[in-house]
Structures are given as structure tokens and as C-alpha cells.
1. When both residues are 6+ apart or on different chains and their Cβ atoms are under 9 Å apart, which pairs have a first residue that lies in region 73-86 and is modelled with pLDDT of 75 or more, and a second that is surrounded by 10 or more Cβ atoms within 10 Å (Cβ to Cβ) and in a loop (DSSP other than H, G, I, E, B)?
2. Do the conditions hold for residue 27, that is, is it at pLDDT 95 or above and assigned to a helix (DSSP H, G or I)?
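The values are calculated or read from the model by the stated rules, or taken from the named source; none is laboratory data. Note that the structure is predicted; figures quoted are calculated from it, not measured. All Cβ positions, even for glycine, are placed from backbone atoms using ideal geometry, and neighbour counts span all protein chains on display.
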């Protein structure tokens, strides 16, 4: 009878060991998957930051291209070319 009890204990121990190993593998996989998602989000944020910088650079180039003459037609064309869409967003920051 003792042999049967020892076999049951060793089989239960091996089952518990296998469950622990599987849990560690699953947790490791979830960790690396989360890390991969985080890296993708950080790359996406970097791309959007670069796009925002390029947009600001383009707007600065437009401002530099304002004509230096003071006749009414030049002033009106400069005013029409001015982008005022993001003006409130820039003043809030």
C-alpha cells in the first residue's frame, strides 16, 4: 500500500510541476507580447511626433514665404495663405 501512495504522490507532484512550467511559459509569452505592443506604440508615437514636427516646419516655411511688399493685393494673398486652423491649439499649450 505504501508503494501505491508514493506513486500517487509522485504523479501528483509531476502534474503540479508541469502546470507550474506551463504557467511560467505562458506568463513569459504574455510579457514579451506586451513588450512588443509597447515598442510598436512607441514607434507609432515617434512617427506621429516626426509628422507634427514636419507640419510645423512646413508652416514655418509658409510664414517665411510671406511677401515683403505692402500693397493691398500682396497683404490679401498672404492673409489667404495663412493657416489659422490650429491657432487655438497652439495657444493652449
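1. Between residues of region 73-86 that are modelled with pLDDT of 75 or more and residues that are surrounded by 10 or more Cβ atoms within 10 Å (Cβ to Cβ) and in a loop (DSSP other than H, G, I, E, B), the close pairs are 74/66; 74/67; 75/67; 75/69; 77/67.
2. Numbers: at pLDDT 95 or above: yes; assigned to a helix (DSSP H, G or I): yes.
Yes, satisfied.
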